Amino acid sequence: MEFKILAPGANELQLVPALLANFKGHTLPGASIISGFAEFGELTFQNYIGDGFSIWYSNYDIARSTTLIGRGDEALLELHIQFLNPFTTTWDGVAEGVMHQYKYNLSYVPFMSNTAVFASGRTYQTFDVHFTIPYLERLAPYFPPLNDFLEQVVKRNAAKVAAYDRYLTSGMVSIVNDILKCPFRSGPATHFIESKVMELLLFALEELSDNDPLAPIKLSSYDIECLTEAKKLIIEDFQDKISLVQLSRKVGINDYKLKKGFKYLFGSTVGEYLQMEKMARAKQHVLDKELSFADIAILLGYESESSFNKAFKKYFDVTPGYMRSKGG
């Protein structure tokens with residue numbers, strides 16, 4: 001497949017089958033790696049081959065504004081996830097405009113023809129899962145939109161499952177992070193990644209098949225800054241039991257837009273996100289074994305150790321004591 005790059009210094013692009021020394025991303029066990037470096041920046045592509053699917057985890061560390069143009073005669077049937085920082089893109093027949101962070105869709109093009117414009121001084125990450133038709137056909141009976149989509153794929157018509165791209169839910173973000181941080185380097189890694197890919201696909205299809213999704217809400221750059229600040233405040237202080245109204249006033253946005261915008265932008269409600277972050281922090285402290293459960297409860301804003309234990313058990317299906325004794 002031809003892949004053409006138009007950018008300052010593109011003719012001097014050097015390709016090596018290994019990670020570059022200053023690579024800061026994650027590494028997928030068993031993945032083949034191609035890295036490139038030139039005047040405009042550094043590129044790293046990791047390709048993991050599974051049973052009926054393949055993962056392409058790509059990092060773009062851009063030093064100078066760059067346009068990448070891809071051309072090829074191979075069909076692409078993929079779950080595309082923009083995982084870090086937005087960029088402008090054009091996919092002939094299926095997409096055009098800004099691909100926002102954490103947005104995704106399941107799409108098909110009969111041949112590759114795309115353009116991506118990257119701004120300087122930023123790092124971008126995409127996480128794409130390419131599927132075979134038989135892999136997806138197993139799930140078509142349970143998701144009518146997928147069945148309709150596959151009918152177009154068989155006809156070699158460019159198509160996507162949902163009319164517009166959706167935002168990942170907090171759970172889907174966690175699944176992608178689980179794959180990128182795979183705790184196994186060999187052997188069980190295959191089973192771990194395959195199970196996570198199926199889990200990710202099922203959640204994606206459930207969301208993409210929703211005929212009455214959350215209505216898109218218009219957000220200005222100011223609104224997005226306010227919502228991002230709200231997310232930051234939630235993470236920084238679990239002990240401050242701030243209400244939605246108080247939080248909205250603190251970041252300078254009305255509570256309606258806070259509720260609707262937060263769900264649209266981050267894929268979960270403020271409450272769901274707070275609980276997810278609390279439990280992630282709780283699990284980390286439980287496994288670190290440096291704090292008592294009473295101290296963890298205080299740190300995370302619970303009224304008592306028993307209320308913390310109850311919330312932990314409800315979320316993880318095991319008590320903090322059991323998780324600590326088993327080490328995970």
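Here are some notes:
- Tyr60 being touching a residue at least 60 places away in the same chain (Cβ under 8 Å) and closer than 21 Å to Leu13 by Cβ: yes
- Conditions (1) assigned to a helix (DSSP H, G or I); (2) without any contact (Cβ under 8 Å) to a residue 12 or more places away in the chain; number of the one not met by Asp223: (2)
- The range 269-322, residues that are charged (D, E, K, R), within 30 Å of the chain's Cα centre (by Cα) and either part of a helix (DSSP H, G or I) or surrounded by 13 or more Cβ atoms within 10 Å (Cβ to Cβ) (or both): Glu272, Glu277, Lys278, Arg281, Lys283, Asp288, Lys310, Lys313, Lys314
- Within the range 57-116, considering residues that are among the β-branched types (Val, Ile, Thr) and buried (at least 18 other Cβ atoms within 10 Å of the Cβ), the one nearest to Pro134 (Cα to Cα): Val109
To keep it simple, each residue is scored yes or no on (1) in contact with a Lys or Arg (Cβ under 7 Å, 6 or more places away or on another chain); (2) at pLDDT 90 or above; (3) open to solvent by less than 30 Å² (accessible area, probe 1.4 Å).
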| site | (1), (2), (3) |
| --- | --- |
| Ala10 | no, no, yes |
| Ala18 | no, yes, no |
| Lys24 | no, no, no |
| Pro29 | yes, yes, yes |
| Ser35 | no, yes, yes |
| Glu39 | yes, no, no |
| Glu42 | no, yes, no |
| Ile49 | no, yes, no |
| Gly52 | no, yes, yes |
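The values are calculated or read from the model by the stated rules, or taken from the named source; none is laboratory data. Please read these numbers as outputs of a predicted model, since none were measured by experiment. Positions of Cβ are generated from backbone atoms using ideal geometry, with glycine treated the same way; all protein chains shown enter the neighbour counts. Keep in mind that these areas ignore ligands, DNA and RNA; they rest on the heavy atoms of the full protein, side chains included. Shrake-Rupley method; radii C 1.70, N 1.55, O 1.52, S 1.80 Å.
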